[in-house]
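Structure record follows, encoded as structure tokens.
What follows draws every value from the coordinates through simple rules; no lab data is involved. The shown structure was predicted, so the numbers you read here are calculated from the model rather than taken from an experiment. All Cβ positions, even for glycine, are placed from backbone atoms using ideal geometry, and neighbour counts span all protein chains on display.
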Amino acid sequence: MLIDTHCHLSFKAFSDTWKEVADRAFERGVLMICVSSQKDTSEKSIKIAQSHEGVFSAIGFHPTHSQDEDFDFEWFSKNAKEQKVVAIGECGVDFYHNEGFDAKDILFKQEDVLRRQIEIAREMSLPIILHARDSKEKSDFSSYDELLRIIKEEDSKRCVLHCFGGTWEQAKKFLDLGCLVSFTGIATFKNASNDLIETIKKVPKEMYMIETDAPYLSPEPHRGEVNEPAFVEHVARAIALIRGEEYDDIAETTTSNAKKFFNI
């Protein structure tokens with residue numbers, strides 16, 4: 001068994017195919033966390049999870065949407081109680097899509113929405129799926145630093161930093177708080193960064209999970225295709241190779257970590 005801890009079955013890429021995609025993954029022994037980015041994808045995520053065995057829902061508001069959509073606190077608070085909702089997310093800090101916006105203004109809005117989602121997670125005793133992405137240009141603002149500050153101030157430790165792409169030093173700061181990190185198909189890329197490889201090698205076995213981020217970041221040998229949860233096996237095999245461990249051990253470890261983290 002494997003658990004794809006972060007896929008987007010409720011996104012447009014899977015509008016007509018999500019059931020077939022989920023079927024393929026489940027037939028291969030893969031459970032899925034269907035992660036959301038807005039109110040509409042959160043609503044669909046709940047429906048998908050409740051209608052398909054092996055799929056669970058995470059509802060949340062992605063930081064990039066704080067510039068163009070209001071966060072409906074009441075709706076998210078109410079629907080966090082729905083059956084098969086196992087996490088809040090993805091939420092966090094993102095400076096990558098900041099063209100035309102002031103970084104301070106972006107951070108102010110994103111931080112407010114993040115803190116409100118942390119409040120919901122705390123009230124419902126749910127874990128949080130975090131997102132961090134830095135600006136394309138050189139900047140005084142680091143998404144990882146700002147996210148770490150907020151998490152510390154909120155004393156919110158039951159978190160996973162999804163699609164980790166920072167340095168080992170950055171990862172360790174989150175790990176020291178009790179947060180987990182999660183790795184995607186980037187681990188299979190020939191040009192995967194030395195920072196990522198170092199983090200994969202050094203992260204304690206009980207502190208990481210795996211994901212596809214489908215429909216994005218298709219792993220080798222599926223580069224150029226639409227990614228899907230069934231491909232999470234390639235992530236596990238790449239991590240086994242990098243860590244010098246057996247694939248079965250990686251599968252068992254990451255599945256155990258995910259079951260504990262999401263309480264499934």
**Study point:** 12 Å Cα-Cα reach of Lys259 towards aspartates and glutamates, excluding residues that sit fewer than 8 places from it in its own chain
**Key:** Asp4, Glu206
Review point. In debye to the nearest 20, how big a dipole does the chain give about its Cα centre with +1 on each Lys and Arg Cβ and -1 on each Asp and Glu Cβ?
Key: 500
Check your understanding: How do Cys91, Cys159 rank when sorted from fewest to most other Cβ atoms within 10 Å of their own Cβ?
Key -> Cys159, Cys91
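What FRET efficiency comes out for Glu245 versus Glu74 if R0 is 45 angstrom and r is the Cβ-Cβ distance? Round to the nearest 0.05. Walk me through the intermediate numbers first.
On the way: r = 46 Å, r/R0 = 1.02.
Efficiency, rounded to the nearest 0.05: 0.50.
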Review point. If the cut-off is 20 Å between C-alpha atoms, which lysines fall inside it for Lys260, apart from same-chain ones fewer than 8 positions away?
Key: Lys81, Lys84, Lys157, Lys205
Review point. DSSP H helices in the chain with Cα extent of 27 Å or more along the helix axis and mean Kyte-Doolittle hydropathy at least -1.0?
Key: 103-124
**Study point:** Sequence-distant lysines (8 or more away, or on other chains) whose Cα lies within less than 21 Å of Lys78
**Key:** Lys39, Lys44, Lys47
Study note, to complete from the structure: Of all stretches in the chain that avoid GluC sites (Glu not before Pro) placed in a DSSP loop and having at most 15 other Cβ atoms within 10 Å, the longest is 138-224
Review point. For the stretch 57-63, in order, what is each residue's ³J(HN,Hα) by Karplus, 6.51 cos²θ - 1.76 cosθ + 1.60 with θ = phi - 60°, in whole Hz (x at glycine and Pro)?
Key: 10, 10, 10, x, 10, 5, x
Revision key, fill the gap. Most exposed to least, judged by fewest other Cβ atoms within 10 Å, Val181, Val35 sort to Val181, Val35
Review point. Quick one: in the chain, what % of C-alpha pairs are over 36 Å apart?
Key: 6
